[in-house]
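**Student:** Structure below; questions to follow.
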Amino acid sequence: MMKKVAMIAAAAAMVLPLGMGAIAPANDSVTAFAATKTAAKKVTHTLISAKTIKKAAYHVKSGKPALYSAKFAADQAKVTMTKKGTLAGSKTYYATKKIVVKVKATKTTKAKKVTYAYIKTANGKTAGWVALSKLTAGKFMAADGKADAKKAADKVAAKTYTLVSAKNLKKTAFHFKGNTPAFYSGKFAADKSKVTLTKKGLLPQSKTFYATKTITIKKAKKNVKYNYVTNGKTKGWVLASQLTAGKFMAAD
């Protein structure tokens, strides 16, 4: 066992020559990634393997992957990772090193192996370790940015309708079977019968939603109903015709 630890530590020393030093970005500027406002939390993992890889391009397709600095122990197979911020989208990052660590089990999750890649931008201003599963292989292309922009535009598009009626409902369970329905926030005018619906996103799959309110609006000269549904953090107005009465069952 001691021999294996020594071998891993030696491999890490060759791939990561800074030893006990933290691998930090060449520039501490936070313009390329969002800096965390709270005190950085350090987590130590068992280092399973470390190696240099052929320079490969990656980009972020969705979300904001966490970016870490890493401090490698010189005499044992351990690495301490500290969150520095999050990666920005619309950029190409280049990976040159890779490590595999063992993340300890918690009360809610099992122990698991996670692969991290050491990435940096072409100008070297952003650099650090990122979970490889959060990256997409290949250079960032403008089309990716357009798709993200379209999603953002869809999300914030707002339309105002005439409010025909509004009432409370006895808490009722619903789910959906076909296409994934959009859900909206609703802003009601104080001095006239108008409501502005703004798309927030899509309902999550395989869930039960509970309706507590319903409204009828005038849409394309037709009366259309929307139900206000909730499920945890998901809350909003959904086209009633896209919902099916009853709780979601696995058979659905």
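**Student:** Which whole-Hz couplings ³J(HN,Hα) result when phi for each residue of region 183-198 is put into the Karplus expression 6.51 cos²θ - 1.76 cosθ + 1.60, θ = phi - 60°, listed in order with x for Gly and Pro?
**Tutor:** Taking θ as phi minus 60°, the curve returns 10, 10, 8, x, 10, 9, 5, 7, 10, 7, 7, 9, 9, 10, 9, 10 Hz for region 183-198.
**Student:** Anything over 32 Å Cα to Cα? Flag those among 64/113; 42/233; 110/247; 78/134; 177/221, in the order listed.
**Tutor:** none
**Student:** Can you tell me the FRET efficiency between residue 105 and residue 73 if r is taken as the Cβ-Cβ distance and R0 is 30 Å, rounded to the nearest 0.05? Don't jump to the answer; show the numbers that get you there.
**Tutor:** On the way: r = 21 Å, r/R0 = 0.71.
The pair residue 105/residue 73 has a calculated efficiency of 0.90.
**Student:** Just list whichever of 83/120; 194/235; 171/225; 71/120; 54/91; 41/207 have alpha carbons separated by over 22 Å in the model shown.
**Tutor:** Among 83/120; 194/235; 171/225; 71/120; 54/91; 41/207, the Cα-Cα distance tops 22 Å for 41/207.
**Student:** Would you mind checking which residues have amide H under 5 Å from residue 200's amide H? H placed 1.01 Å from N; only 5 or more apart, or other chain.
**Tutor:** Here the answer is 183, 184, 185, since their amide H atoms fall under 5 Å of that of residue 200.
Read-outs throughout are calculated quantities, based only on the coordinates presented, and are distinct from any laboratory measurement. In this text, all values refer to a predicted model and were calculated from it rather than measured experimentally. A quick note on method: Cβ atoms are made from the backbone with ideal geometry, for glycine too, and the neighbour counts reach across all protein chains shown.
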